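In what follows, a structure is listed as structure tokens, so that the remarks can point back to it.
Just so it is clear, none of the values below were taken in a lab; they were calculated from the coordinates. Please read all numbers here as calculations on a predicted model, not as lab measurements. Virtual Cβ from ideal backbone geometry, glycine too; neighbours counted across all protein chains shown.
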Amino acid sequence: MTAEQVLRAALIKQMYDYTYRDLAFYFADSESIRRFMGLGLTGRTFKHAALQDNISKIRPSTWKAINRVLLDWAKDKKMEKGRQVRIDCTVVEANIHPPSDSRLLYDCVRVLVRLLEQGREQWDGIAVQNHNRRAKRRMMSILNAKNQKARTAAYRDLLKVARKMVGYAERTLDRLESLGRPEVHEYALELVRYLILTRRID
């Protein structure tokens, strides 16, 4: 492939969101794309492996130069002023779970347990019971419930667990206030933050 063909192929792939296999297919099937690539109607085409190998060699600095040329052209044509940057907001799959109420409540319980156990290690008089396992089981029951009745029962128990943790946290704040030590201030602020989040979901 010539450098121009590599660039043209990359532009087609980007414009139409083709995979490399799609790209190879349309090079062989589409008359307009073949003309754009300068292949002619009967010329040879490229396999997807060759396309991937060549396009992946385009360096970031090359893309930056291409974008600069396009922007200057658009400014000359008064199509774009170039004062704002637009980013790709395409939704893609990520390893972040969807923010359902049950998941958020479980997250709050988990973090409150961690914070309270840290506080118990540092200061006397802080009581906490670890309800992580129970909260996780209820969250999973909600997600996998076969009917609304089962889901409601599990949700009520998860709320009960979350409210217990809120109670532990409130008593811990009272205990910290009675200690009157300046070093507890940052810890107390973190605890208050998650208390507010838990109450908001509850």
Applying a 10 Å radius around every beta-carbon, put 122-129, 139-146, 162-169 in order of their mean neighbour count, most first. 162-169, 139-146, 122-129
What angle do you read, to the nearest 10 degrees and between 0 and 90, between the alpha-carbon axis of helix 20-29 and the longest principal axis of the chain? 30 degrees
In which sequence would H131, H48, H185 go, from the one with the fewest C-beta neighbours within 10 Å to the one with the most? H185, H48, H131
Going residue by residue through segment 3-9, the Karplus relation 6.51 cos²θ - 1.76 cosθ + 1.60 with θ = phi - 60° gives ³J(HN,Hα) values, rounded to whole Hz and with x marking Gly or Pro, of 4, 5, 5, 4, 5, 5, 5
What's the ranking of 55-66, 105-116 by average number of surrounding C-beta atoms within 10 Å, highest first? 105-116, 55-66
Dipole in debye (nearest 20) - the chain, about Cα centre, beta carbon charges: Lys, Arg +1; Asp, Glu -1: 540 debye
Cα lying deepest toward the dipole's positive end in the chain, options T172, N144, L39, charges on Cβ: N144
